[in-house]
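Asker: Got a structure for you, questions after.
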Amino acid sequence: MTPSVRSPARIRIGSAPDSWGVWFPDDPKQVPWQRFLDEVAEAGYAWIELGPYGYLPTDPARLADETRARGLRVSAGTVFTGLHHGPDVWDRTWAHVADIAGLTQAMGAEHLVVIPSFWRDDKTGEVLEDRALTPAQWRELTAQTERLGREVRERFGLRIVVHPHADTHIDTEENVNRFLDATDPDLVSLCLDTGHYAYCGGDSLKLIETYGERIGYLHLKQVDPEILATVVADEVPFGPAVARGVMCEPPGGVPALEPVLEAARALDVDLFAIVEQDMYPCPPDKPLPIARRTREFLRSCGRPGATA
């Protein structure tokens with residue numbers, strides 16, 4: 001009998017509504033969802049995320065028809081949670097998660113990206129709560145996130161990947177490490193967003209080297225170091241920072257993506273790497289040329305056949 005040979009690990013590149021300036025289910029500053037789907041396919045991507053729930057059609061049959069017609073598949077859905085508030089918010093959180101997880105499952109995806117709630121509003125900059133969690137809140141955050149991971153897996157067959165994000169409580173190297181050390185690897189993986197982690201002072205290569213077994217998903221983006229320096233100095237909220245152009249087109253910012261992708265390949269696991277260049281709001285004709293150039297740049301980063 002011939003022994004089975006494992007296929008080489010793949011990094012599957014995709015994009016998301018975020019790269020078309022989409023942050024909200026409905027906003028007059030955003031491109032219509034049909035245009036997003038048309039252009040993301042035209043730019044050469046085969047994988048997309050759902051983006052904010054309600055932006056794309058929420059009827060699975062209709063969304064399946066729309067994506068199939070353009071040769072697109074869904075890699076993940078995205079949810080926002082405030083789990084550090086403890087059991088009191090569970091029912092409200094689950095109602096939000098269940099709708100999105102159901103659509104994600106119906107579209108054949110296997111991941112649910114979990115973004116912690118913002119301590120200041122990403123659009124207005126209003127401070128909503130203290131930027132540092134208390135020890136009790138950290139315990140609730142980790143315990144409730146594990147609960148979420150268990151429930152999502154048992155009910156929908158999905159794996160949660162928690163996304164460190166600017167202006168949330170899981171942001172810096174210290175907070176990301178604390179979160180990973182306190183959560184069960186079997187229930188909670190990480191979505192490493194290279195741009196957000198750099199925005200918050202983190203080193204993506206170091207994180208992959210230290211916690212590689214926890215990396216379950218990638219978001220690819222870069223920050224402009226000069227704009228970032230002014231944003232940090234002026235304590236600018238994330239939304240206005242994006243409007244200043246802090247997230248920039250690769251390869252013009254940091255971190256360098258080629259070594260990040262090489263380190264990710266060395267983990268020898270299949271991973272999605274979804275391009276997300278935050279640029280809300282943006283002119284409607286801006287995203288497509290950037291998406292094309294970014295796709296070609298990422299093709300140049302991989303060995304032949306290593307990046308799909």
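Asker: Where the convex hull is taken over the Cα atoms of the stretch 109-225, what is its projected area averaged over directions, in nm²? Don't skip to the end; give the middle numbers.
Answerer: On the way: hull surface 30.8 nm².
The directionally averaged projection comes out at 7.7 nm².
Asker: Under a Cβ-Cβ cut-off of 10 Å, what is the net charge of the residues other than GLY54 that fall near it, where Lys and Arg count +1 and Asp and Glu count -1?
Answerer: On the way: positive: none; negative: ASP26, ASP99.
Summing Lys/Arg as +1 and Asp/Glu as -1 gives -2.
Asker: Then there's this: Output the direction-averaged projected area (hull surface divided by four) of the convex hull of the alpha-carbon atoms of the stretch 33-156, in nm².
Answerer: Working: hull surface 34.7 nm².
One quarter of the hull surface, i.e. the mean projection, equals 8.7 nm².
Asker: If the cut-off is a Cα-Cα distance under 20 Å, which lysines reach LYS286, setting aside same-chain residues fewer than 8 apart in sequence?
Answerer: The reachable lysines, counting only those whose Cα sits under 20 Å from LYS286, are LYS29, LYS221.
Asker: For the stretch 9-298, with only Lys/Arg (+1) and Asp/Glu (-1) charged at the beta-carbon, what is the dipole magnitude about the Cα centre, in debye rounded to 20?
Answerer: Working: 28 positive and 47 negative charges, 145 e Å.
Charge dipole of the stretch 9-298: 700 debye, to the nearest 20.
Asker: Can you send over the solvent-accessible area of PHE156, 1.4 Å probe, protein chains only, in Å² to the nearest 10?
Answerer: 40 Å²
Asker: Additional query: If I stretch the segment between GLU110 and ARG73 completely, what's the gain in nm (0.36 nm per residue apart, minus their alpha carbon distance), one decimal? Display every interim value, and only then the final one.
Answerer: Values: separation 37, 0.36 × 37 = 13.32 nm, distance 1.16 nm.
Once the chain is fully extended between GLU110 and ARG73, it gains 12.2 nm.
Asker: Just for the chain, what percent of DSSP beta bridges are antiparallel, to the closest 5?
Answerer: Details: 5 of 34 bridges.
Of those bridges, close to 15 percent are antiparallel.
Asker: Now for a separate question. Grab the other residues whose beta carbon is less than 12 angstrom from that of GLY21, score K and R as +1, D and E as -1, and report the net. Walk me through the numbers before you get to the answer.
Answerer: Details: positive: LYS29, ARG35, LYS286; negative: ASP18, ASP27, GLU39, GLU276, ASP278, ASP285.
Summing Lys/Arg as +1 and Asp/Glu as -1 gives -3.
Asker: How many nm separate the modelled label positions at ASP88 and GLU209, each set 7 Å beyond the Cα in the direction of the Cβ?
Answerer: 4.3 nm
Asker: Roughly how big is the stretch 152-304's charge dipole about its Cα centre, with Cβ charges of +1 (Lys, Arg) and -1 (Asp, Glu), in debye to the nearest 20?
Answerer: On the way: 15 positive and 25 negative charges, 130 e Å.
In debye, rounded to 20, the stretch 152-304 gives about 620.
Asker: If you don't mind, there's one more thing I want to ask. What order, most packed first, do the peptides 116-122, 132-138 have when packing is the mean number of other Cβ atoms within 10 Å of each residue?
Answerer: On the way: 116-122: 19.3, 132-138: 12.9.
Ranked from most to least packed, the peptides come out as 116-122, 132-138.
Asker: Here is a follow-up. Using a 1.4 Å probe and ignoring any ligands, DNA or RNA, find the accessible area of VAL74 and quote it in Å² to the nearest 10.
Answerer: 0 Å²
Asker: Grab the DSSP H runs of the chain that are 4 residues or longer, score each as -39,500 (n - 2.57), total them, divide by all residues and round the 222 nm result to the nearest 500 deg cm²/dmol.
Answerer: On the way: 11 runs with 123 residues, N = 308.
-12000 deg cm²/dmol, from helical runs alone.
Asker: Next question, about the same structure. Compute, for the stretch 196-286, the length of the dipole vector about the Cα centre, with Cβ point charges of +1 (Lys, Arg) and -1 (Asp, Glu) only. Units Debye, rounded to 20.
Answerer: On the way: 6 positive and 15 negative charges, 23 e Å.
Computed about the Cα centre, the dipole is about 120 debye.
Asker: Need the full-extension length gain, THR230 to ALA132, defined as separation in residues times 0.36 nm minus the C-alpha distance. One decimal, nm.
Answerer: Working: separation 98, 0.36 × 98 = 35.28 nm, distance 2.23 nm.
In short, 33.0 nm is gained.
Asker: Give or take rounding to whole Å, what are the principal axis extents of the alpha carbon atoms in the chain, in descending order?
Answerer: Cα spread of the chain along its principal axes, largest to smallest: 54, 50, 40 Å.
Asker: With unit charges on the beta carbon (Lys/Arg positive, Asp/Glu negative), name the residue among GLY54, LEU158, LEU228 whose Cα is farthest towards the positive pole of the charge dipole of the chain.
Answerer: LEU158
The values are calculated or read from the model by the stated rules, or taken from the named source; none is laboratory data. On a predicted model such as this, the values are computed, not experimentally measured, just so you know. Neighbour counts run over all protein chains shown; Cβ positions are idealised from the backbone, glycine included. With ligands, DNA and RNA removed, areas are computed over all heavy atoms of the protein, side chains included. Shrake-Rupley method; radii C 1.70, N 1.55, O 1.52, S 1.80 Å.
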